[in-house]
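The values are calculated or read from the model by the stated rules, or taken from the named source; none is laboratory data. All figures in this text were calculated on a predicted structure; none of them were measured in a lab. Virtual Cβ from ideal backbone geometry, glycine too; neighbours counted across all protein chains shown.
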């Protein structure tokens, strides 16, 4: 005769995905209806460079053609924050503003090549406003976006500098002058 020994396992011993499957199976066995929501689009719209979906409420990117704004709206974004200067090749600010309005996106233009405290404050205010979420943030390469996102992570989300910098670099932060500004900004008392 074969003996089988059952060992009690705590919920912590299961991986999160395993726990979710066990929970769904248990709910289904009890007859609880299960609705699976469609995931947010986590791939870049056509023509967008350096796209990163940070979470359900934020995506960061580089150059974004006017034609992508319709897809951004269809993907559930409510607003666009653009750091590009009007004279940058391919920026098309006026056309982007008009298209955003036409498709129902809020358009927040915070143009800069070299950031200032005023730009950082305006960005923090815009990105923290729930009425602007989900928000799509872009510049030409995601370099300026990375710098501003770093500031947001430290100042609003309470992240430590190292963790925030790693994420900002993954998003696109490369320029030393932008890193210096962002680090100086978060270390100053405000």
**OP:** Given the conditions (1) surrounded by 13 or more Cβ atoms within 10 Å (Cβ to Cβ); (2) part of a loop (DSSP other than H, G, I, E, B); (3) modelled with pLDDT under 95, report the number of the one that residue 54 does not fulfil.
**Re:** (2)
Subject >> Residue list for the stretch 136-149, restricted to those being crowded, with 24+ Cβ neighbours inside 10 Å and more than 13 Å from residue 52 (Cβ to Cβ) >> reply: 144, 147, 148
Original post:
So which of 127, 66 is within 14 Å of the chain's Cα centre (by Cα) and either without any contact (Cβ under 8 Å) to a residue 24 or more places away in the chain or buried (at least 16 other Cβ atoms within 10 Å of the Cβ) (or both)?
Top reply: 127
Original post:
Among 97, 73, 152, which is the only one that is crowded, with 17+ Cβ neighbours inside 10 Å and within 14 Å of the chain's Cα centre (by Cα)?
Top reply: 152
